[in-house]
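Note sheet for the following structure.
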Amino acid sequence: MTKKQAIALSFICAASLFADEVQMQTIDVNANIDTEVIKDIHGEDVKSADLAEALFKQSPSVSIVRRSGIANDIIVRGQKKDNISVIIDGVKIYGACPNRMDPPVSHVLTNNIDYIEIDEGPYNVEDFGVLSADVKVHTIKPEAGFHGDLNLGVGSWGYQKAAATLTGGNDTVRFLISGSTESSEQYEDGDGNDFVGQIQREIDAGRAIPTVQYQDKYKDMDAYEKNTLMAKLFWNITDNQELRLSYTANRSDDVLYPSSKMDALYDDSDIYNAEYIAKDLGRYSKELYVQLYRSEVEHPMSTKYRLMGAKDYMTHTLTTQVDGAKLKNTFDIGGHEVTAGVDYSLRNWDGWYTKNDKPLDLVSGGKMPYHSIYDVDTENVAFFLKDKVQLDKLVLDMGLRYDTTNIDSAYAKQQSNSYDELNGYIMGTYHVDSSLKFYGGFGKSSRVPDAKELYWLGSMGNEIGTPNLEDTINYEFDLGLEKQFNSGVVKFKAFYSILDNFIAYNASNTMTKMGKTMAYHAYENVDATIYGFEFSGTYVATEALYFDYGMAYQRGEKERPLTGQSGTNMPEIPPLKFNGAVNYDWGETLNLRAELIASDTWSDYDAENGEQEIDGYAVVNLKATKTFMKNFEVTVGVDNIFDETYAVSNTYKDLILLPTVTKNDAIMLMNEPGRYVYANLRYKF
């Protein structure tokens, strides 16, 4: 049996009382029935460093928000931004950009990722702000001995990548160090338009103002350059105690964002993480876990490269820092597995405007502000409790979390806000037999408004944020089943989410200042519902041929129109999406894979807040991986083999996109890459 075949069959053969132990290459992952596990990211997704694109290709419930050639964002089951939580090795990380140019998933390189868990629904009480889903990224770990992994990659539009990982040590101390560099020119869509060409298309059609185009001297700029470093040290202090230390650095330079009027001069992030794990300390401590971490992000974006910045350019610089700590203890008592803990985080978010690198308030004589987000602290303290118990064929998993959150701005004219919530869930899994199980759950979760939604000041001094927002509450029902057959596995999930005080962007909330119409108190609470389903599975036809498939559908509606509006469609709810793949193992050393990613027309959209209809699409990708001389692996592939021109991301005005000539003009849709050919050489020892 081949390695690829073993991976597929692992989904079929896995069976346990509550946590399915999924064998993925050399990794054992404890995954709940409602958890989607995406394996071996660093080995399979060699096309680029962009995690959003890798998730989009592998999971039907994940959609990509395309902004550039890299650093793209994700939507999970119709939710985005702070409505989903992203955790990297237990570290809570946020982007600094209010325009989502540096989303949390952009601060980890695919080359360093071991596996990812996507937990859909309000079923996580250990982490802050898990409203509708959480994405847990697990990076590669140090190994004993001495091993290495070297990668060289090339692709269309001048893409180049070099990456290396070295790991070694013994049973007591192990280390890992990984570094990478990559860059790419502007990609072209199926019509042959690069970033400059896509902007020019909008200008020629009379929809975009000419000054959003790049200056001639910048039209041939690369789309991005990205460099990363990750270092880890694991120390087994005793047989039952372990200390884990890690540091991750990401450095991205000159990242172009053609669908916005600003580009990132750079994106720098640093993640520091320390974990202490002690096992079997006594009757009331099966495992004690202590974590301390810090994440830092700096992001200046500017009009410097555009025609509008040829004489006077604006720069918006933002920083964010999160200091966090977690303490939890797990023990068994009376047939129950109980986990109790405390979670703490303090996020600071600061931003300021400059004109030609001088503070905007000084240049404007005090008519315009310096700060956009005024040194805002969001402090959260929470206590959580989990319990898992088996009652014959029924396994119950329950959790409670009590949050106290305080948000304070350094600007005296901006009010402070406090939020207290008790959240929790109950999930039951019933095992009919070894091949069939059902699950159902109900949960309540919440997330507080962020500093952008509360306090953001535009460069004209207009208050874009709404300072008295309520926190969003999610009441959600989930149910599903998993059926295993001799030749495959089938999974079905469905959910219904009732959102109280969903935070929506209202483009109709405006003011007039200096003769210009601009956003004012643009965020608004509204009750809403989102519901949908996901169907997925694996079918093994022969020892060499097997299939993966999945589809997901969501629909969302506001309970009432926003102020001054008439529509009730929820924003950023992607249409029906299908992911399918056929895999063929030619002997032990060659794997062939063909993928189909397809979507229905995006016909239910929030038109009054900038969204528009997007045509459906179907894209075919091909990939072949050949192993030779045991240590070498060559991957060649073609994405979008038929060079289709299509768009995936909609144009919700919560993001500042290209300004249009009139308010009735459609905002620029960012097309996906056209035919992309790539190759990767990997050497492992």
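Key figures for this structure:
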quantity	calculated
Any hit, region 184-192, residues being more than 25 Å from Asn680 (Cβ to Cβ) and touching a strand residue (DSSP E or B) at 6+ places or on another chain (Cβ under 8 Å)	yes
Search result, residues across region 578-631 that are closer than 30 Å to Asp654 by Cα, surrounded by 15 or more Cβ atoms within 10 Å (Cβ to Cβ) and β-branched (Val, Ile, Thr)	Ile597, Ile614, Val619
Pair list, Cβ < 9 Å and 6+ apart or interchain, from region 545-571 residues that are among the β-branched types (Val, Ile, Thr) to residues that are open to solvent by 40 Å² or more (accessible area, probe 1.4 Å)	Thr563/Ser508; Thr568/Glu557; Thr568/Glu559; Thr568/Arg560; Thr568/Pro561
Residue in region 634-642 that is without any contact (Cβ under 8 Å) to a residue 60 or more places away in the chain, in a loop (DSSP other than H, G, I, E, B) and under 30 Å from Asn99 (Cβ atoms) present	no
Residue list for region 162-187, filter: of a type in the set (D, E, K, R), outside any loop (DSSP other than H, G, I, E, B), closer than 18 Å to Ala71 by Cα and open to solvent by 20 Å² or more (accessible area, probe 1.4 Å)	none
Unique residue being touching a Leu at 6+ places or on another chain (Cβ under 8 Å), closer than 30 Å to Lys219 by Cα and buried (at least 20 other Cβ atoms within 10 Å of the Cβ) when the list is Gly351, Gly324, Gly309	Gly351
Any chance Thr529 is part of a strand (DSSP E or B), modelled with pLDDT under 95 and open to solvent by 20 Å² or more (accessible area, probe 1.4 Å)	no
Asp654 more than 22 Å from the chain's Cα centre (by Cα), part of a loop (DSSP other than H, G, I, E, B) and under 26 Å from Ala208 (Cα atoms)	no
Whichever residue in region 192-201 is within 17 Å of Arg67 (Cα to Cα) and under 29 Å from the mean Cα position of the chain (by Cα) and, among such residues, is surrounded by the fewest Cβ atoms within 10 Å (Cβ to Cβ)	Gly197
Residue match in region 540-552 (condition: of a type in the set (S, T, N, Q) and open to solvent by less than 60 Å² (accessible area, probe 1.4 Å))	no
Residues that are of a type in the set (A, V, I, L, M, F, W, C), surrounded by 16 or more Cβ atoms within 10 Å (Cβ to Cβ) and part of a strand (DSSP E or B), drawn from region 205-234	Ala208, Leu229, Met230, Leu233, Phe234
Residue list for region 389-415, restricted to those being among the charged types (D, E, K, R) and buried (at least 21 other Cβ atoms within 10 Å of the Cβ)	Asp397, Arg401, Asp403
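Per-residue answers, yes or no, for (1) open to solvent by 10 Å² or more (accessible area, probe 1.4 Å); (2) touching a strand residue (DSSP E or B) at 6+ places or on another chain (Cβ under 9 Å); (3) in a loop (DSSP other than H, G, I, E, B); (4) charged (D, E, K, R):
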{"residue": "Asn380", "(1), (2), (3), (4)": "no, yes, no, no"}
{"residue": "Asp420", "(1), (2), (3), (4)": "yes, yes, no, yes"}
{"residue": "Gly465", "(1), (2), (3), (4)": "no, yes, yes, no"}
{"residue": "Gln484", "(1), (2), (3), (4)": "yes, yes, no, no"}
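The values are calculated or read from the model by the stated rules, or taken from the named source; none is laboratory data. Only a predicted model underlies this, so the values are computations on that prediction, with no experimental measurement involved. Reconstructed Cβ throughout: ideal geometry from the backbone, glycine too, with neighbour counts over all protein chains shown. The area values use the complete protein model at the heavy-atom level, side chains included, leaving out ligands, DNA and RNA. Shrake-Rupley method; radii C 1.70, N 1.55, O 1.52, S 1.80 Å.
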